[in-house]
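**Student:** Mind looking over this structure? Questions follow.
No lab work stands behind these numbers, since they all come straight from the coordinates. Here the structure is a predicted model, which is why all the values come from computation and not from measurement. Cβ coordinates were reconstructed from backbone atoms using ideal geometry, including for glycine residues, and neighbour counts include every protein chain displayed.
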Amino acid sequence: MAGVRVIFAGGGTGGHLFPAIAIADELKRLVPDAEIEFIGTKNKIEARVVPQKRFAFRTIWISGFHRRLRLSNFLFPLKVVVSFMQSYSIIKQFKPDVVVGTGGYVSGPIVYTASVLSIPTLIHEQNSYPGVTTRMLGNHVKQVCITFEQSKKYLKRQDNVVCTGNPTRASLEKVNLADAFNYFGFDSSNKQKTLLVFGGSLGATTINNAVVHHLEKYIERGFRIIWQTGKEDVERVKSVTGKISKEFLWLNVFIDRMEYAYALSDLVICRAGATTIAELTRLGKPAILIPYPFAAADHQTENAKAMTEAGAALMVKDSEAKERLFDVVQSLMNDSGKLQAMSNASKQLGKPNSAEEIAQRIIKLGRR
């Protein structure tokens, strides 16, 4: 299909952004001359990551509405009005054939405006319990692609819903190990087992505290750690880890080359968000999952249960992480057979063709 023009709107967190990038990458593979533009906000992860991926990027003025009383809430009605005006202007200028929303408040104005203008629209929902944008716009869009079958029961309209899984980037599998070792400054001749620790794009204080609590023991056991702390905790964690040799520890706010981190890891410690689960299962990575207990409808716990029941992961409750995590890590790292069995089970759950399926659906919508 020559000249397909697609707007992607989504962001706020990596869980909304990275599926969009995965779909856009696949769309460019299928239609090399596709024109793609991303819409996001200027202060969130998309403003930094999308330009790095060399996609066009524009911003609108919108934010979420906080349940607690905040001064920013008083600006919310104005932001909604402005964001719809900006969305209309962007759509009229870019003239997209299809508009795709992948979640977060930024996708609402763009997707709804496109639907009103009779431009084909598609939403991808990552979580088992659909977000507010998906629930509100599900009736208005041409197609809703869901990750979990159980999501259907939360949507009023059923005839436009299809279960595709959660898109992940093919680049996650295309890694030169020498480049990965160089990126983290590790010695490739050192055969230490490596832990990958992260809490999503924003970090997770519970996970950070749990690792800090037994940090000396991790180092004493000879474990190498790749650790993404998130912005809020980085200085505090650095103050604790400052004397640890860089041959044992790489620490930063964010991991820009996640494919390198996965490639070197023997075991992953993380939350149980849908995008994280999709990446783990695509790569067959054994994991210790610590679900975020305040996620909507407790969907992270449901995600983690699905992984543990399949033998692909172990789950540690958020409230128990500080005391239990090290013992669970040590038990797994000392059992190569168990790690391999978990890896095999994880791989069986993966849906590596999700991005291609959704890209094909976008192409089909653009041809109508």
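**Student:** Tally Lys and Arg at +1 and Asp and Glu at -1 over the other residues with C-beta under 15 Å from the C-beta of A24: what net charge comes out?
**Tutor:** Summing Lys/Arg as +1 and Asp/Glu as -1 gives -1.
**Student:** Also, quick follow-up: Charges on Cβ only, +1 for Lys and Arg, -1 for Asp and Glu, centred on the Cα centroid of the chain; of G203, A287, L78, which one is farthest towards the dipole's positive end?
**Tutor:** Going by the charge dipole, the pick is L78.
**Student:** Calculated FRET efficiency, M85 and A47, Cβ-Cβ r, R0 22 Å, to nearest 0.05?
**Tutor:** 0.60
**Student:** Out of residues 5 or more away from K317 or on other chains, whose amide H comes under 5 Å of its own, with H placed 1.01 Å from N in the peptide plane?
**Tutor:** For K317, whose amide H was placed from the backbone, there are no distant partners under 5 Å.
**Student:** Give me Y260, Y292 ranked fewest to most by other Cβ atoms within 10 Å of their Cβ, as a rough exposure proxy.
**Tutor:** Y292, Y260
**Student:** Quick one: which of 102-115, 320-333 comes out on top by average Cβ neighbours within 10 Å, and what's the full order, highest first?
**Tutor:** Highest mean packing first, the order is 102-115, 320-333.
**Student:** About the Cα centre of the stretch 143-263, how large is the charge dipole given +1 on each Lys and Arg Cβ and -1 on each Asp and Glu Cβ? Please answer in debye to the nearest 20.
**Tutor:** Computed about the Cα centre, the dipole is about 260 debye.
**Student:** Taking the Cα centroid of the stretch 173-204 and of the stretch 293-338, what is the distance between the two, rounded to the nearest whole Å?
**Tutor:** The two parts, judged by their Cα centres, are 21 Å apart.
**Student:** Which of the pairs K156/K322; K285/K364; K53/K153; K217/K338; K231/K338 have their Cα atoms more than 29 Å apart in this structure?
**Tutor:** K156/K322; K285/K364; K53/K153; K231/K338
**Student:** Would you work out the relative contact order for the stretch 1-154, in percent, from Cα pairs under 8 angstrom that are 6 or more residues apart?
**Tutor:** Here the relative contact order equals 24 percent.
**Student:** I want the local charge near G40. Using Cβ-Cβ distances under 13 Å, sum +1 for each Lys or Arg and -1 for each Asp or Glu among the other residues.
**Tutor:** +3
**Student:** Hey, which aspartates and glutamates would be in cross-link range of K28, C-alpha to C-alpha under 14 Å, not counting anything within fewer than 8 residues on its own chain?
**Tutor:** Excluding near neighbours in sequence, the set is E37, E356, E357.
**Student:** Just want the ordering: I90, I39, from fewest to most Cβ atoms lying within 10 Å of their own Cβ.
**Tutor:** Result, fewest neighbours first: I90, I39.
**Student:** Something else: If eta is 1.306 mPa s and T is 10 °C, what Stokes-Einstein diffusion coefficient results for the chain, Kirkwood Rh from Cα pairs, in µm²/s?
**Tutor:** 75 µm²/s
**Student:** Report ³J(HN,Hα) in whole Hz for each residue of the stretch 19-30, in order, from the Karplus equation J = 6.51 cos²θ - 1.76 cosθ + 1.60 where θ = phi - 60°; Gly and Pro get x.
**Tutor:** Each residue of the stretch 19-30 in turn: x, 5, 5, 4, 5, 4, 4, 5, 4, 5, 5, 6 Hz.
**Student:** Subtract the Cα-Cα distance of N176 and H213 from 0.36 nm times their separation in residues, and report this length gain in nm to one decimal.
**Tutor:** Length difference between fully extended and current span is 10.0 nm.
**Student:** Using a/c under 1.5 as the rounded threshold, could you call the stretch 133-223 rounded, prolate or oblate? The axes a ≥ b ≥ c are square roots of the C-alpha gyration tensor eigenvalues, and prolate needs a/b larger than b/c, oblate otherwise.
**Tutor:** prolate
**Student:** For labels at K338 and D298 in the simple 7 Å Cα→Cβ model, what's the distance in nm?
**Tutor:** In this crude label model, K338 to D298 measures out at 2.5 nm.
**Student:** While we're here: For the stretch 235-299, would you read off the P(r) tail past 16 Å as a percentage of all alpha carbon pairs?
**Tutor:** In whole percent, the long-distance tail amounts to 58.
**Student:** Next up: Treat the count of other C-beta atoms within 10 Å as a stand-in for reagent exposure and order C163, C270 from fewest to most.
**Tutor:** Fewest-to-most ranking of C163, C270: C163, C270.
**Student:** Rounded to the nearest 0.05, what FRET efficiency is calculated for L78 and R221 with R0 set to 51 Å and r the Cβ-Cβ distance?
**Tutor:** It comes out at approximately 0.40.
**Student:** For the chain, calculate the relative contact order in percent as a whole number, restricting contacts to Cα pairs under 8 Å that are 6 or more residues apart.
**Tutor:** 17 percent
**Student:** Something else: Take every Cα-Cα distance within the stretch 8-154, group them into 5 Å bins from 0 onward, and report for each bin the whole-number percent of pairs it holds.
**Tutor:** 2, 10, 20, 23, 22, 14, 7, 2, 0, 0
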